[in-house]
There are 2 protein chains.
Amino acid sequence: MAKNIKTRAEDYSQWYLDVIKAAQLADYAPVRGCMVIRPEGFALWEAIQRDLDRRFKETGHVNAYFPLLIPMNFLAKEAQHVEGFAMECAVVTHHRLEKDDKGGLKAAGELEEPFVIRPTSETVIGHMYAQWIQSYRDLPVLINQWCNVMRWELRTRLFLRTAEFLWQEGHTAHETAQEAQEETLRMLDVYAAFAEEFLALPVVKGRKTESEKFPGADATYAIEGLMQDGKALQAGTSHNLGQNFAKAFDIKFLGRDQKQQHVWTTSWGVSTRLIGALIMAHSDDDGLVLPPRVAPVVMAIVPIFKTPDELKKVMGAIREMLSSLVGNDEVQSAWDRSAGRQINQSASTQGWEAAAEKDSGGVVPFFFDRTTDQQIVLDLRSMRPGEKQYYWEQRGVPFRMEVGPRDVDAGSVVIKRRFDRAKESVEASKLTPGHLRTELADVQRLMFQKAAEHRQANTHRVDSYDALKATLAEKGGFVRCFFHPDRQAEAKIKEETKATVRCIPFDAQGKTGKCMYCGKDGAPEVIFAVAY
Amino acid sequence: MAKNIKTRAEDYSQWYLDVIKAAQLADYAPVRGCMVIRPEGFALWEAIQRDLDRRFKETGHVNAYFPLLIPMNFLAKEAQHVEGFAMECAVVTHHRLEKDDKGGLKAAGELEEPFVIRPTSETVIGHMYAQWIQSYRDLPVLINQWCNVMRWELRTRLFLRTAEFLWQEGHTAHETAQEAQEETLRMLDVYAAFAEEFLALPVVKGRKTESEKFPGADATYAIEGLMQDGKALQAGTSHNLGQNFAKAFDIKFLGRDQKQQHVWTTSWGVSTRLIGALIMAHSDDDGLVLPPRVAPVVMAIVPIFKTPDELKKVMGAIREMLSSLVGNDEVQSAWDRSAGRQINQSASTQGWEAAAEKDSGGVVPFFFDRTTDQQIVLDLRSMRPGEKQYYWEQRGVPFRMEVGPRDVDAGSVVIKRRFDRAKESVEASKLTPGHLRTELADVQRLMFQKAAEHRQANTHRVDSYDALKATLAEKGGFVRCFFHPDRQAEAKIKEETKATVRCIPFDAQGKTGKCMYCGKDGAPEVIFAVAY
């Protein structure tokens, strides 16, 4: 097969795009800087949404929906916010199209005041909260929104930075500063647990410096992951907005003390860039590698046969294994689902054997886990088995199983593990859901471990600016050092090294030392890295 | 308590808005014609999404995401489509804001070609399909998208017609005309089953006339429900687009016959207006009434007590009942979830009794069904029991249970059923999940039955135009008659009666008779109604 993916060593940036293309995760859209998330990619977002949404609900949050368009003047109400956000965004100025002279169309019906497509929703949500919140009894308000947002980015990159992207934005309002701070950190913990348990991505939790914080926040916290090329990726942020938006939008309540006061708000979000993080943290030169909990397909089954007799034998054995793995009812349902589609088109009701023979079986999905929609697929396309293996490999499916006549005779099958290419021979009778679940959990654990080891091997410690520069230039990775955060110093360091302070990590809280840049004592430990 | 909902008899339109307001389902946004879907309303949309998404996946569909913005020239490619859709829509003409002289903001960075916020996505999806589809082996493509869309509507109404709304749009591409037609009708069936089984809303399936069909479709099919005021509401549409969009966007494939040909496409959608249908089909003068399968909260428990001893006794009994209904683990989890929030604020760890006493318990949610996120809530707010009853009644919660000291002594509780106010006394020991599930299923069935009876009582048959006019004016409802669909005749009838042909119903397929309007034989049976 022609190699369609550059290696990481050859060209890391191209490798990233090739992995996405080979797995059919996304395409560029006919709108500059926007992407189309294809079904294979969107299934990853659905898995992420399902898991995160559960975590949000477990911590008492509810979902809602606020408008896409924000009146332009709203953006000007919070001074820092407008500087950070309002400048590059999509502006709606008209509400009608008319035919022009040349038979084309033109914008018409100019609006009195333009609207902006939300780059984030603090402003419009603040406006609504001001109406909903009257008394301390209305607090806390714990709302999340799943939606699309737009920022008119100049340099875009699939998943990592696109003009339109999908995300969730949590917006909460509280009675006290302490509660808002607790919420801010609670959600940071939720993100960290999600990243590590679900994405198998080890992250550092920490606070952002002033120059890296959210425009309009008192403090921003983030989780930072390390990619395989030694660059950092911010995977989620949680902001304590203090009373800044409450004051800008006049969100007041009557307190227990019978006095009117402003609420304390937070906001927190993760986006489809997590899919970029997933790809860059785990994939290899053969394509996508998915942690089992994220994988829409957990196992692909490829039948091997030459003669009609072999086909019959092999399909019989596969049917038995599937019955054990997903249950008889689901085998029947999958059949029914497919019957009206590919299989039935030419093979009528003669069964999968006929379907496989006549190239009309397609890929038949069986639900393995109904709570996550995760599937086992049976690949009945008329392609060579090697091509099918390659196809599922590039899509990062955790396990692949080939079943040929000799396997059926031996009563065992060989299962190939995507992430480390390990092969395991399993007695067909032992292929139970429990067995597969255990195997999946093992891979999940091992992938996290591998990523954690990579991070450890690529975390360095320096105590001078020269050492920082040298380490960033030669090794990359996370570079820890003592540093007094300072807007000007950070700008200069970024100019000279491309690196930024990723965070002031919680794991070094309380530790101080001599600033590697200004030489003064009492500097906190920070992590520098070049970031996506 | 002050009556905050007009009766249906007094003012049906105001009643509808009052029900929404009392249940806190939605608000108007600070953007003309747009709405904010509040958590109580959004939970209904989540329930709808969960159920429909499962049905889509069961029929072989996958989800994806296409861009929000559509290049203006795309809209002009399909002639009928542009007439129907392009004219009233939000137009993005700039990509930047700048400060103006007065310290405000103004649009800047004019785009070479404007973009339109999608009113529907046939065009941009057609553009992508043209790139993805090469051979018959790439077919069928069965994709759905959950997203927001905008149409600059002049007259808006919460849920029923808003400038921005949420929906799903399925877009499929097929090898043959027959397959496309099968898909179109399959999805109509999915919608009908969903409406009847999930929303408890009986619907008529049928085909739209030429004047009512989707701009760009060969044929449009719809499900039509009847509201309590005798008006029809179109609850879902499925379009056979023939090769119209395939030709406009050049979506071609190499067929089994080795010839290049255009694909056959379909599209189908339902939107947040289903929430409007839910409200108008089932609610009463006291507020929202929810079919159990849609209800985010299936039961609300209200403790009744006067003294601390009574409180202790009552809370002990409630705890036991909850353990039986949701399991001990969930009782503990709910406690943990609430501990960091309301309860702990002032009551520390002294328990729910203390929380209820001190007005810090709030509403504690317990997950009753993890596959649907449906909850049982325990209302520990410091309001009078009557107020709490009223609160949950207006929110349409299917069952309410008050537990007082006398109930504890008697070893039984009284459960109030929202939809028909029936009361049932149940031995506390018999309050099992199975019992509650049976009760919920009963209500679901009875609500469908009631709506079906209402429809039957409000379906009329006429054989002359005079009778049609009189029936529409005096009775409303669905009016069936033989009629030769005709653009001019339909426009005239609409002008004179406000009614339109809702559909040519499948249930009268093959039946023909003398047209009540033109008098010619061979007319199909149609349904006229005034519609939302």
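Relative to the dominant Cα principal axis of chain A, helix A:177-197 is inclined by about 20°. Distances between copies of B:P433, taken at a point 7 Å out from Cα along the Cα→Cβ vector and listed shortest first: 1.5 nm.
In region A:96-140, the residues that give up 20 Å² or more of accessible area when the other protein chains are added, compared with the chain on its own (1.4 Å probe), are A:R96, A:L97, A:K99, A:L105, A:A107, A:F115, A:I117, A:M128, A:W132, A:R137, A:P140. When its C-alpha radius of gyration is set against 2.2 N^0.38 Å (N residues), region B:296-336 gives a value of 1.25. If one takes the longest principal axis of the Cα atoms in chain B, at what angle in degrees, from 0 to 90 and to the nearest 10, does the Cα axis of helix B:433-457 lie? Here the helix axis deviates by roughly 50 degrees. Only lysines eight or more places from A:K252 in sequence, or on another chain, were considered; those with a Cα closer than 20 Å are A:K77.
Surface burial for A against B, with a 1.4 Å probe and both sides summed, reaches about 7100 Å² of accessible area.
The heavy atoms of A:Y532 offer some 40 square angstrom of accessible surface to a 1.4 angstrom probe. Remark: label point of A:G109 defined 7 Å out from Cα along the Cα-Cβ vector; separations to the same position in other copies 2.6 nm, ascending. Normalised by the number of residues in chain B, the mean separation of alpha-carbon contacts (under 8 Å, six or more apart) gives a relative contact order of 14 percent. Taking Lys and Arg as +1 and Asp and Glu as -1, the other residues whose beta-carbon sits under 10 Å from that of A:L254 total +2. For chain B, with all protein chains in place and a probe radius of 1.4 Å, 47% of the accessible heavy-atom surface sits on carbon or sulfur.
Under 21 Å between alpha carbons, and skipping anything fewer than 8 positions from A:K498 in its own chain: which lysines qualify? Excluding near neighbours in sequence, the set is A:K208, A:K213, A:K231, A:K469, A:K475.
Helix A:39-58 versus the longest principal axis of chain A: what angle, 0 to 90°, nearest 10, using Cα atoms? Helix A:39-58 sits at roughly 60 degrees to that axis. Based on the reciprocal of the average 1/r between different C-alpha atoms, the Kirkwood radius for region A:82-178 equals 16.6 Å. As a length-normalised measure over Cα pairs under 8 Å and 6 or more apart, the relative contact order of region A:1-75 settles at 15 percent.
If you count the DSSP beta bridges with both ends in the protein assembly as shown, what percent of them are antiparallel, to the nearest 5? Bridges in the protein assembly as shown that DSSP calls antiparallel: roughly 85 percent.
Take every DSSP beta bridge whose two residues both sit in chain A; close to 85 percent of them are antiparallel. In 10 Å bins starting at zero, report the fraction of Cα pairs in the protein assembly as shown per bin as a rounded %. Answer for the protein assembly as shown: a P(r) of 2, 9, 17, 22, 22, 16, 8, 2, 0, 0 percent.
Looking at chain A, the accessible area is 39 square angstrom per residue; that uses a 1.4 Å probe and ignores ligands, DNA and RNA.
Residues of region B:12-37 with accessible area at least 50 Å² lower in the all-protein-chain context than alone (1.4 Å probe)? Going by heavy-atom accessible area, the residues of region B:12-37 that drop by at least 50 Å² are B:P30, B:V31, B:V36. Over chain A, the alpha carbon radius of gyration divided by the compact-protein estimate 2.2 N^0.38 Å works out to 1.11. Residues of region B:39-67 whose accessible area (probe 1.4 Å, heavy atoms of protein chains only) drops by at least 40 Å² once all protein chains are present, relative to their chain alone: B:P39, B:F42, B:E46, B:R54, B:K57, B:E58, B:N63, B:Y65, B:P67.
For A:K306, the lysines whose Cα falls under 28 Å of its own Cα, not counting residues fewer than eight places away in the same chain, are A:K3, A:K358, A:K388, A:K416, A:K423, A:K430.
Looking at region A:12-171, the DSSP beta bridges with both ends there are about 90 percent antiparallel.
Taking the Kirkwood radius as Rh and the Cα radius of gyration as Rg, region B:154-241 has a ratio of Rg/Rh equal to 0.98.
First check a/c for region A:10-111, with a ≥ b ≥ c the square roots of the eigenvalues of its C-alpha gyration tensor; if it is under 1.5, answer rounded, and if not, answer prolate when a/b is larger than b/c or oblate otherwise. Taking the square roots of the gyration eigenvalues as a ≥ b ≥ c, region A:10-111 is oblate. Between copies, B:T512 shows label-point distances of 9.3 nm, shortest first, with the point placed 7 angstrom from Cα along Cα to C-beta.
State, as an integer percentage, the relative contact order of region A:162-279 based on alpha-carbon contacts under 8 Å between residues 6 or more apart. Rounded, it is 33 percent for region A:162-279. Rounded to the nearest 500, the helix-only mean residue ellipticity at 222 nm of chain B stands at -11000 deg cm²/dmol, with each DSSP H run of n ≥ 4 adding -39,500 (n - 2.57). In the complete set of protein chains, residue-level accessible area for A:K252 is approximately 80 Å², probe 1.4 angstrom.
The values are calculated or read from the model by the stated rules, or taken from the named source; none is laboratory data. This is a predicted model, so every value here is computed, not measured. Here the Cβ is made from the backbone with ideal geometry for all residues, glycine too, and neighbour counts use every protein chain on show. For the accessible areas, the whole protein counts, side chains as well, though only heavy atoms, and no ligand, DNA or RNA atoms are used. Shrake-Rupley method; radii C 1.70, N 1.55, O 1.52, S 1.80 Å.
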